[in-house]
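J.: Following this message is one structure expressed as structure tokens.
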Amino acid sequence: MRNSKINRLELLKNNYPNKSDLEFVGPKNQTCRNIYLEELQDIYFSEKSLLISIPILIQKAASKEISDALTTHLQFTKEHIQRLEDFFDSIGEKNITINYSSLYENESNTP
């Protein structure tokens with residue numbers, strides 16, 4: 001299996017001698033990195049919206065068991081958001097978190 005990986009890499013190098021040629025471009029001139037970041041941004045925005053909706057669900061839960069499960073889920077959501085924010089910071093894309101704040105958060109409703 002290792003030989004097949006090496007052969008594919010050599011094939012790519014031979015067909016794409018310039019490093020910039022290896023950046024595969026999709027529709028609307030999007031690189032794989034841009035598409036990946038857009039997907040992560042969608043996940044981040046969805047997780048942030050859960051910070052608003054889960055507490056409402058906890059208040060309206062029909063049983064203590066459901067309330068406890070939602071509380072656990074809320075904690076996991078907060079941890080996931082923190083990991084995403086740390087990741088965005090580490091790759092120099094902190095503006096994604098700033099964009100969310102400027103678009104959706106205000107003084108009266110901060111998730």
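No lab work stands behind these numbers, since they all come straight from the coordinates. Nothing here was measured: the structure is a model prediction, and the numbers come from that model. Don't worry about glycine lacking a Cβ; one is built from the backbone with ideal geometry, like all the others, and counts go over all protein chains shown.
J.: From the phi of every residue in segment 79-84, what ³J(HN,Hα) in whole Hz does the Karplus formula 6.51 cos²θ - 1.76 cosθ + 1.60 yield, where θ is phi - 60° and glycine or proline is x?
T.: 5, 5, 4, 5, 5, 5
J.: Can you put LYS48, LYS78, LYS64, LYS94 in order of Cβ neighbours within 10 angstrom, beginning with the fewest?
T.: LYS64, LYS94, LYS78, LYS48
J.: Still on this structure, I have one more. Calculate one ³J(HN,Hα) per residue across segment 59-71 by plugging θ = phi - 60° into the Karplus curve 6.51 cos²θ - 1.76 cosθ + 1.60, and present them in order as whole Hz with x for glycine and proline.
T.: Values per residue, Gly and Pro as x: 5, 9, 4, 7, 9, 5, 4, 5, 4, 5, 5, 5, 5 Hz.
J.: For GLU79, GLU85, which order do you get if you count the other beta carbons within 10 Å of each Cβ and list the fewest first?
T.: Result, fewest neighbours first: GLU79, GLU85.
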